[in-house]
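Structure first, then comments.
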Amino acid sequence: MSVSTDERLALSDLFTELGPDAPTLCAGWRTRDLAAHLVLRERRPDAAPGILLAPLAGHTKRVQDAFARRPWAELVDLVRGGPPAFSPTRIPLVDRIVNSVELFTHHEDVRRAQPGWEPRPADPARDAAAWNGVSRAGRMTLRRSPVGIVLRRPDGEEAVVRRGPNTVVVAGPPGELLLWAFGRDEVRVDFDGEPSAVDVVRGLRRSL
């Protein structure tokens, strides 16, 4: 199976295990809200743009709230079943580029909001998918940084996501770097650089 399929099925199983009211790392969202977000993203192209575009956010919220009111088992089945036939993410290449990162991130949003979480063991396919998303994510979410930022994985390979003075290296496994770049703080990464620059990077608002 693909990474996106593995993450989708694991997340769906976790949804079933935890129920609709468990916490997530997405501010203000319980598991029901996150599941509704995933279904909206794949099944309502008219509402998906409001995820990123504030003027359209009202319509997006109404559609998401309607999905969230569905019976929990039905909502989880929609997540598990994936996008409908008309969705571009049915194309394997698009699915690999888009859904691997999205589903990994939201799977961890649920996992890491529960007590006693630990990073999952390394997995070559999952780590490769996360690393493929690191540069794209970092260049978007860290673009406001006044200092340079390099993301470095354990084998020494690096992604320069922000050029600038007083460069800070953020080091960790690919999945941890991806989650950090997407604004999550429940991660295991290390910072190396001038202390004042490290403080700047630690305090960045990492978002789209």
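The values are calculated or read from the model by the stated rules, or taken from the named source; none is laboratory data. Since the structure is predicted, the reported quantities are computational estimates derived from the model, not experimental observations. All Cβ positions, even for glycine, are placed from backbone atoms using ideal geometry, and neighbour counts span all protein chains on display.
Structure data summary
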item	result
Enumeration of residues in region 73-93 that are free of Cβ contacts under 8 Å to residues at least 60 places away in the same chain and either over 22 Å from the mean Cα position of the chain (by Cα) or loosely packed, with under 13 Cβ neighbours inside 10 Å (or both)	ALA73, GLU74, PRO84, ALA85, PHE86, PRO88, ILE91, LEU93
Criterion (free of Cβ contacts under 8 Å to residues at least 60 places away in the same chain and basic (Lys, Arg)) met by exactly one of ARG126, ARG139	ARG139
Those residues of region 103-126 which are buried (at least 18 other Cβ atoms within 10 Å of the Cβ), within 18 Å of MET1 (Cβ to Cβ) and of a type in the set (D, E, K, R), in sequence order	ARG126
Selection within region 69-107 - touching a helix residue (DSSP H, G or I) at 6+ places or on another chain (Cβ under 6 Å) and of a type in the set (Asp, Glu)	ASP95
Complete set of residues in region 16-26 that are under 16 Å from the mean Cα position of the chain (by Cα) and either hydrophobic (A, V, I, L, M, F, W, C) or in a helix (DSSP H, G or I) (or both)	LEU25, CYS26
Residues being touching a strand residue (DSSP E or B) at 6+ places or on another chain (Cβ under 7 Å) and without any contact (Cβ under 8 Å) to a residue 60 or more places away in the chain - total across region 1-27	2
Positions within region 189-208 being touching a residue at least 12 places away in the same chain (Cβ under 8 Å), surrounded by fewer than 13 Cβ atoms within 10 Å (Cβ to Cβ) and part of a loop (DSSP other than H, G, I, E, B), in sequence order	ARG205, SER207, LEU208
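Matching residues to (1) modelled with pLDDT under 95; (2) of a type outside the set (Gly, Ala, Ser); (3) within 22 Å of CYS26 (Cβ to Cβ):
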position: GLU158; (1), (2), (3): no, yes, no
position: LEU177; (1), (2), (3): no, yes, yes
position: GLU194; (1), (2), (3): no, yes, no
position: ALA197; (1), (2), (3): no, no, no
position: VAL200; (1), (2), (3): no, yes, no
position: LEU208; (1), (2), (3): yes, yes, yes
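Okay, residues lined up against (1) under 26 Å from VAL39 (Cα atoms); (2) touching a strand residue (DSSP E or B) at 6+ places or on another chain (Cβ under 6 Å):
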position	(1), (2)
HIS106	yes, no
ASP109	yes, no
GLY138	yes, yes
GLY172	no, no
